[in-house]
Amino acid sequence: MLALPAWQTGRVSNRRRRLAAARLYLVCDAQPNAFLRQALAGGVDIVQLRCKHATDPEILAAAARFRPLCRDYDALLIINDRPDLVRAADADGAHIGQDDGSIAGAREVIGHDRVLGLSTHTPGQVDAAASAGVDYIGVGPVNLTPTKPGRPAVGLELVRHAAARSPVPFFAIGGIDAGNVAAVRAAGAERVAVVRALTESADPEAAARDLRAALTETCGSVHAG
């Protein structure tokens, strides 16, 4: 493989450095700027724009709003399910599911200068990430959640498996909030992804701060996983 230019190598290492240091990942649709700013101020490290039924122009318009806010807080912006829009959105990467096309195809589209995430739901899928070519994985849903209708909860056992076996950073996801994040952390997750814990909060900044504190306070010294 050809070596990347020096300037591009810097961007790659910066994105992956920020990924390794990330603890709190927000998944949301085209929320208002005020909400996103509060969530970022509370400590969100990564924002995934997830607009399942939006048109391409709508996704790009939301990304254009999200991008400067994420950069104000040094947070990564990820596009859900649409690797083909990542470069047009000037986003930091893409996240795909098990049925959203090939990892190799997504990587070819976004390039090696951006990060690629993958949802996993079984021990075999977690183990396969070692050679899949992704930069991080989502592990879940830990609990039943309306954001993943029809997807059974995997419980904490898969989190324990990922903590012991995942070769890349992983984010536990699925119905995680301030009431259960300590149990998820105790199972070995240093990172979590949330939706309703922030989007349905009356105070997204405080909710994000509480989640991040629960992760870092029980984590001791922070390690890139």
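The values are calculated or read from the model by the stated rules, or taken from the named source; none is laboratory data. Keep in mind the model is a prediction, meaning the values are calculated, not measured. Glycine gets a Cβ as well: all are built from the backbone with ideal geometry, and neighbour counts include every protein chain shown. For the accessible areas, the whole protein counts, side chains as well, though only heavy atoms, and no ligand, DNA or RNA atoms are used. Shrake-Rupley method; radii C 1.70, N 1.55, O 1.52, S 1.80 Å.
Would you mind finding the one in ASP81, ASP100 that is in contact with an Asp or Glu (Cβ under 8 Å, 6 or more places away or on another chain), of a type in the set (Asp, Glu) and open to solvent by 50 Å² or more (accessible area, probe 1.4 Å)? Sole residue among the options that is in contact with an Asp or Glu (Cβ under 8 Å, 6 or more places away or on another chain), of a type in the set (Asp, Glu) and open to solvent by 50 Å² or more (accessible area, probe 1.4 Å): ASP100. Under the condition of being surrounded by fewer than 21 Cβ atoms within 10 Å (Cβ to Cβ) and outside any helix (DSSP H, G or I), the residues counted in the stretch 120-130 number 3. Taken together, ALA94, ALA88 contain a single residue that is without any contact (Cβ under 8 Å) to a residue 60 or more places away in the chain and open to solvent by 40 Å² or more (accessible area, probe 1.4 Å), which is ALA88.
The residues of the stretch 37-85 that are touching a residue at least 12 places away in the same chain (Cβ under 8 Å) and among the polar types (S, T, N, Q), listed by number, are GLN38, GLN48, ASN80. Filtered by the rule that a residue be charged (D, E, K, R), at pLDDT 95 or above and part of a loop (DSSP other than H, G, I, E, B), the stretch 131-168 gives a lone residue, ASP135. For the stretch 103-116, the tally of residues that are under 22 Å from ALA163 (Cβ atoms) and either surrounded by fewer than 16 Cβ atoms within 10 Å (Cβ to Cβ) or touching a residue at least 60 places away in the same chain (Cβ under 8 Å) (or both) stands at 1. Restrict the check to the stretch 51-65 and report whether at least one residue is buried (at least 17 other Cβ atoms within 10 Å of the Cβ) and under 18 Å from LEU19 (Cα atoms). No: the stretch 51-65 contains no residue that is buried (at least 17 other Cβ atoms within 10 Å of the Cβ) and under 18 Å from LEU19 (Cα atoms). Within the stretch 185-202, if we keep just the residues that are aliphatic (A, V, I, L, M) and more than 22 Å from HIS95 (Cα to Cα), the residue that is most open to solvent (accessible area, probe 1.4 Å) turns out to be ALA202.
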